[in-house]
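Here's the structure, in structure tokens; my notes come after.
Values in this text are rule-based calculations from the coordinates and carry no lab data. Here the structure is a predicted model, which means the values were calculated and not measured. FYI the Cβ positions are ideal-geometry reconstructions off the backbone, even for glycines, and counts take in every protein chain you see.
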Amino acid sequence: MSTPLSPAEQDAAFRPDHTEPLDWNDLVEALNRAGQPVELTGAPGGWPAGDGPVGIAMDSRAVRPGDLYVGVPGANRHGAEFAGAVVAAGAAGLLTDPRGAELATDLPMGTPVLVVRQVRDAVGPAAAAIHRNAGVGPRMYGVTGTNGKTTTSYFITSLLQAWGETTGLIGTIEIRAGDRTVPSTLTTPESTQLHALMALMRQEQVDAAAMEVSSHAISYRRIAGMHFAVSGFTNLTQDHLDLHGSMEEYFAAKAGLFSARRSGRAVITVDGGPDAPDADGATWGTRMAAAADCPVVTLSLGPAADHGGDPVSGTDWAVTELEPVGLGHRFALHHAPSGRLVHASTGLPGRFNVANAALAAVMVLESLPSSDWDALSALLDAPVGQGPFATAVPGRMEVVAHAPDAIVDFAHNPDGMERALESVRDARLAAGNVEGRTILVFGATGERDRAKRPVMGRIAAEWADVVIVTDDDAHREEPSGIRAEVLAGVRQGAEKAAAAGRTVQVHESAPRQDAIELAVSLATSRDTIVLAGRGHETVQDMGGVDVPLDDRVELRAAVARHGAAPSSDSHEHGRKVDGS
Ligand SMILES: CC(=O)N[C@H]1[C@@H](OP(=O)(O)OP(=O)(O)OC[C@H]2O[C@@H](n3ccc(=O)[nH]c3=O)[C@H](O)[C@@H]2O)O[C@H](CO)[C@@H](O)[C@@H]1O[C@H](C)C(=O)N[C@@H](C)C(=O)N[C@H](CCC(=O)O)C(=O)O
Ligand SMILES: Nc1ncnc2c1ncn2[C@@H]1O[C@H](COP(=O)(O)OP(=O)(O)OP(=O)(O)O)[C@@H](O)[C@H]1O
């Protein structure tokens, strides 16, 4: 088990080995140029040259001597409250808003204080200036959407590596800069850390990097000062309404990535969500394509789309052929403007992984000159289980054992869950296994979007034959109460299923290890066990205490205890997934 890093350790791991001090006056100028005028500084006449910050941090626990400390207003407190302490510990100065300047009363005389109206908007440009990132650094690929960001990002880096490039990755599971790897705490780090990472990637001679862009990151301005050569959109379905309030607001947050300031080009999956186009042909994807104010390339999933209705026509790229092969798929991408057909495959289960692979392929193709497309197409045209999209993604439809097939998946929202369950049923049916059942183990996270608990419960009963409700990260919420809300949905779904003549077995079992053991004890070799919600995570937060727990380890061990062999497909047994 990897031990979670402290904020200071994490922040330190992001930083380049060396940064030259940036003149305070140059910093003020950079902020002015970025449209963030500095309204007040600790030295109205300016500071002497050569005297300025060598780093930047917005968490008091991560500040290093010589850093500019950024005090931002938060839901719990104003970061400027810590300014006195961090400056006493060696921070070079403070960037904050007018309220922060009022709060930072205990600074020594002469401390540089830069005051801007909206400090979150100013952090990115300040960090970019301190790390000298303007116009240099790796070619960036940004991926946003409710589901599929991690998988698509892994696929992009895998294709780029096959193309011969040194790559970087920023996302939920890990952060990589060439050969350096740092565990992630957020999907998208704070802008202070992102810009340090950009400088680190430059130092490590990274050519190109894929980055997951969460809606939180866009709302909290973590991507300020970043520029993506290509940004991609996977889909939009219900999630994070606790932060955004409504789907419209959630959509608007995501749309923030597809502006000319942030992205050179957008690749938008127009039918990546579960809903069929409405009467006007609109989906979240077509709306995103219309809302984008950078050049847009559209992608239709056609037979790989989940809504089952007519494909969205007239797109630049379209998935035109889809063939299940074992747990994976072969597919083709048609490029309408040139008439070119690009063949590709993925070994990961689920049509949604075709969607992720298609988006990754198109983002890379669109980022390189068309003179490179023949060579790229040759890389993509590999049998299932080989090629760039055979790569197993930790905890994403990761097959840890066979007979019974045992899969750990990160699905933790209604759409992700439905897709995962549908895909295992489809794979069984495609293999002619009609008597096998889906045994699902899952729970809901505490202190997050309560509305999705019964919804996920209903989906569980709709698609699984045995549903075992257990605990996820309860945080400080009472676990039995969370289970009860999930179970209410499961029972509703089970009643509906019974009315249609289908029996769903429902169990409640906690702790999670017991639920996993129960699932394996109930399974026959024809069944598929899906352990959903936690994916690659290695600690479970119960009542604010981190308890070691790795679903992949637990499930593999339970299956082994009951006599089945672990899968050679699994990430911990090598990175390739064969499609059989
Ligand atoms: C809900 C959310 O996103 N909150 C973010 C928000 O926190 P906040 O407004 O509550 O901040 P606060 O606690 O009041 O603190 C205010 C300021 O004081 C600073 N502070 C606070 C305490 C201290 O001891 N020292 C210190 O310096 C904080 O760093 C912050 O800058 O601003 C903070 C600093 O900018 C973020 O670190 C924090 O993310 C927290 C850690 C978080 O867990 N975010 C998650 C939900 C998140 O962003 N998730 C998305 C992915 C979601 C998904 O797709 O599943 C992600 O990109 O990871
Ligand atoms: N394109 C997709 N459409 C729908 N569901 C998907 C898609 N890709 C993956 N999933 C499901 O969502 C889960 C999370 O996948 P992934 O980690 O790639 O997405 P993500 O957007 O990074 O999620 P998060 O931000 O929550 O980490 C997977 O385990 C799978 O169940």
Practice item. Mind listing the long-range amide H neighbours of residue 267? Cut-off is under 5 Å, sequence gap 5 or more, other chains count too, H placed in the peptide plane at 1.01 Å from N. Key: 231, 232, 233, 297
Exercise for review: Collect residues whose amide H, placed 1.01 Å from N in the peptide plane, falls under 5 Å from the amide H of residue 175; neighbours closer than 5 in sequence don't count.
Suggested key: 182, 184
Practice item. May I ask which residue of 489, 518, 429 lies farthest towards the positive end of the charge dipole of region 398-561, with charges of +1 (Lys, Arg) and -1 (Asp, Glu) on Cβ and the Cα centre as origin? Key: 429
Check your understanding: In degrees, nearest 10, range 0 to 90: what is the angle between the Cα axis of helix 351-367 and the longest Cα principal axis of the chain?
Key -> 40
Review point. How high is the relative contact order of region 1-95, in percent, with contacts defined as C-alpha pairs under 8 Å that are six or more residues apart?
Key: 23
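Ranking request for peptides 400-410, 12-22, 57-67: highest mean number of other beta-carbon atoms within 10 Å first, then the rest in descending order.
Details: 400-410: 25.3, 12-22: 16.4, 57-67: 20.7.
Result, highest mean Cβ count within 10 Å first: 400-410, 57-67, 12-22.
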Review point. Considering the alpha-carbon set of region 320-441 alone, what are its Rg and its Dmax in angstrom?
Key: 15.6, 50
Point to revise | ³J(HN,Hα), Karplus 6.51/-1.76/1.60, whole Hz, each residue of region 188-197, x for Gly, Pro | key: 10, x, 5, 4, 4, 7, 4, 6, 4, 4
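Would you mind calculating the relative contact order of the chain from Cα pairs under 8 angstrom and at least 6 residues apart, reporting the percent as a whole number?
Result for the chain is 10 percent.
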Exercise for review: On each of the three principal axes of the Cα atoms of region 92-230, give max minus min coordinate, whole Å, ordered largest first.
Suggested key: 55, 32, 25
Study note, to complete from the structure: Computed from every Cα-Cα pair in region 20-130, P(r) in 10 Å bins starting at 0 and rounded to whole percents is 16, 55, 27, 1
Practice item. Binning at 10 Å from 0, report for region 207-281 what percent of all alpha-carbon pair distances ends up in each bin. Key: 17, 49, 29, 5, 0
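Roughly what % antiparallel, to the nearest 5, for the DSSP beta bridges in region 398-561? Don't skip to the answer; put the middle values down first.
On the way: 7 of 25 bridges.
In region 398-561, approximately 30 percent of DSSP beta bridges are antiparallel ones.
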Revision key, fill the gap. Taking placed amide H atoms and a strict 5 Å upper bound, the residues 5 or more places from residue 72 or on another chain that come that close are 79, 80
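How big is D for region 429-569, in µm² s⁻¹ as a whole number, if Stokes-Einstein is applied with the Kirkwood radius of its Cα pairs at 20 °C and 1.002 mPa s? Mind dumping the intermediate values first?
Numbers: Rh = 15.5 Å.
The estimated diffusion coefficient comes to 138 µm²/s.
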Practice item. Counting helices only, and only those DSSP H runs with n ≥ 4, report the 222 nm mean residue ellipticity of the chain as the sum of -39,500 (n - 2.57) divided by its residues, in deg cm²/dmol to the nearest 500. Key: -10000 deg cm²/dmol
Review point. Which of the listed residues, 193, 385, 506, is farthest toward the dipole's positive end in the chain, when Lys, Arg count +1 and Asp, Glu count -1 at the beta-carbon?
Key: 385
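Over region 215-358, what is the mean sequence separation of C-alpha contacts under 8 Å (at least six apart), divided by residue count, expressed as relative contact order in percent? The partial results should precede the final answer.
On the way: 290 pairs, mean separation 25.3, N = 144.
Computed value for region 215-358: 18 percent relative contact order.
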Review point. Can you list the aspartates and glutamates whose alpha carbon is less than 20 Å from that of residue 496, not counting same-chain residues fewer than 8 positions off?
Key: 415, 418, 422, 462, 465, 485, 508
Point to revise | Compactness of region 139-390 as Cα Rg over 2.2 N^0.38 Å, two decimals | key: 0.94
Review point. What is the ratio of the Cα radius of gyration of region 354-507 to 2.2 N^0.38 Å, where N is its residue count, to two decimals?
Key: 1.28
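When a/c is below 1.5 the answer is rounded, else prolate if a/b is larger than b/c, else oblate, so apply that to region 304-383 with a ≥ b ≥ c taken from the square roots of the Cα gyration tensor eigenvalues. It would help to have the intermediate numbers written out before the result.
Working: a/c = 2.04, a/b = 1.24, b/c = 1.65.
Oblate.
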Study note, to complete from the structure: Protection proxy (average C-beta count within 10 Å per residue), highest first, orders 448-455, 427-434, 412-419 as 412-419, 448-455, 427-434
Revision key, fill the gap. Karplus ³J(HN,Hα) for region 251-268 (6.51 cos²θ - 1.76 cosθ + 1.60, θ = phi - 60°; Hz, whole; x = Gly/Pro) runs 4, 4, 4, 4, 4, x, 6, 9, 10, 4, 5, 9, 9, x, 7, 10, 10, 10
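Out of region 1-71, which GluC sites (Glu not before Pro) are coil in DSSP terms and have no more than 12 other C-beta atoms within 10 Å?
Values: sites: 9, 29, 39; in loops: 39.
When the GluC sites (Glu not before Pro) of region 1-71 are filtered for loop state and at most 12 Cβ neighbours within 10 Å, 39 remain.
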Exercise for review: Return P(r) of the chain (all Cα-Cα pairs; 10 Å bins starting at 0; whole %; ordered from short to long distances).
Suggested key: 4, 17, 26, 26, 17, 8, 2, 0, 0
Study note, to complete from the structure: Phi angles of region 206-211, converted by Karplus (6.51 cos²θ - 1.76 cosθ + 1.60, θ = phi - 60°) into ³J(HN,Hα) in whole Hz with x for Gly and Pro, give 6, 7, 8, 9, 9, 9
